[in-house]
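This is the structure I want to talk about, given as structure tokens.
Every read-out reported here was derived from the displayed coordinates using simple, explicitly stated rules and does not represent laboratory data. Computed from a predicted model, the values in this text were never measured in an experiment. For neighbour counting, all protein chains shown are included, and Cβ atoms are generated from backbone atoms with ideal geometry for every residue, glycine included.
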Amino acid sequence: MTELCSFTPGALLAGRRAVVTGGTAGIGAAVARAFAAHGADVLVADIEPIGSVEFDPAAGGSITQVEWDVRVSPCPPGIVEHRPDVLVNNVGHYVQPPHTFATNAPALWDELHDINFGHVLRLTHALLPGMTERGIGSIINLTTVEAHRAIPGHAVYSGYKAALTGFTRSLAAETGPAGIRVNAIAPDLIESVQVPYAALVPEEDQHLWPTWSPLGGPGQPDDVAGVALFLASDLSRFVTGGTIHVDGGTHAAGGWVPRHSGGWTNRPRNP
């Protein structure tokens, strides 16, 4: 383990290489920008074109792209050849609108598996040997608050995200002695491509944000990127196997919401 007597200001990821899946928009793009702004050479793996990504180049970072649908195996050789020190498994999706499990088509389960869990196994398996050889690595898995609580209508999605949380813990135990850390981030109420809260929540209902999250909302992709930067850098050198909730406090609140008249309730009469 690197010995640190104090933390000095400057680029947190100078000289590091990173891979970010789904990094052309939303949370993934915010993570890629944050890493590059702190000196990392970032390779974005996505099926969408990355376009113009603005970040402060003063730290010497860069962003390039390899086109890859994470559901397709194997991963492109260019990802392995990038020799990343940091891997952010960001891709995930509901795939369809809410349906009860009883009405789900079994064929959908495989698609949900590939986009939420299977590709994480494949890509991590491909990059882990290089990290082990170099004795350094930070793997960051994007889960969701629904890995820790129910989401009716998306039982299979929730199950695979919960599996990703378990995988994070067990892999952290396995790879810690090799100098590799593995952690997860569980967002909620974050403005994203899949859930554009600014468009979904009518202006007349936006006053309800404080009843949905202790910190109000919505959160922004940069809120998640800041935590990813922490987990990728030496600031978190003694952190592994954990999940950081970036959700304004919804997981901690556990369904409790403040009453307009004061106090709290977990059985609101007018949800």
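Using modelled backbone amide H atoms (1.01 Å from N, in-plane), which distant-in-sequence or interchain residues come within less than 5 Å of Val19's amide H?
Here Leu43, Val86, Leu87, Val88 satisfy the definition.
So for the range 138-271, what percent of the C-alpha to C-alpha distances run longer than 23 Å?
41
Next question. Report ³J(HN,Hα) in whole Hz for each residue of the range 73-79, in order, from the Karplus equation J = 6.51 cos²θ - 1.76 cosθ + 1.60 where θ = phi - 60°; Gly and Pro get x.
So the Karplus estimates, Gly and Pro as x, are 10, x, 6, x, x, x, 5 Hz.
If each residue of separation counts as 0.36 nm, what is the full-extension length gain between Thr103 and Val66 once their alpha-carbon separation is subtracted?
Length difference between fully extended and current span is 9.6 nm.
Turning to a different aspect of this structure: Given Cα positions, please report Rg to Rh for the chain, the hydrodynamic radius being the Kirkwood one.
0.98
Here is a follow-up. Give, in nm to one decimal, the length gained when the segment between Ser170 and Leu235 is fully stretched (0.36 nm per residue of separation minus the Cα-Cα distance).
Difference between extended and current length: 21.2 nm.
Beta carbons within 10 angstrom, averaged per residue: use that to sort the peptides 62-75, 222-235, highest first.
Highest to lowest by the protection proxy: 222-235, 62-75.
Under a crude label model (7 Å from the Cα following the beta-carbon direction), how far is Arg134 from Asp56 in nanometres?
2.4
What does the charge dipole of the range 17-265 about its Cα centre add up to, to the nearest 20 debye, if the Cβ of each Lys and Arg holds +1 and the Cβ of each Asp and Glu holds -1?
Rounded to the nearest 20 debye, it is 760 debye.
Around Ile244, which amide H atoms from residues at least 5 apart in sequence, or from another chain, sit under 5 Å from its own amide H, with H modelled in the peptide plane?
Ala184, Ile185, Ala186
Additional query: With r as the distance between the Cβ atoms of Gln220 and Ala14 and R0 = 25 Å, compute the FRET efficiency 1/(1 + (r/R0)^6) and round to 0.05.
Rounded to the nearest 0.05, the efficiency is 0.50.
Could I ask something else about it? When the distances between all Cα atoms of the range 61-130 are binned every 5 Å from zero, what whole-number percent does each bin get?
With 5 Å bins starting at 0, P(r) equals 3, 14, 24, 21, 15, 10, 7, 5, 2, 0.
Please work out how much length the chain gains when fully extended from His260 to Asp205, using 0.36 nm per residue of separation minus the C-alpha to C-alpha distance, in nm with one decimal.
Between His260 and Asp205, full extension yields an extra 18.3 nm.
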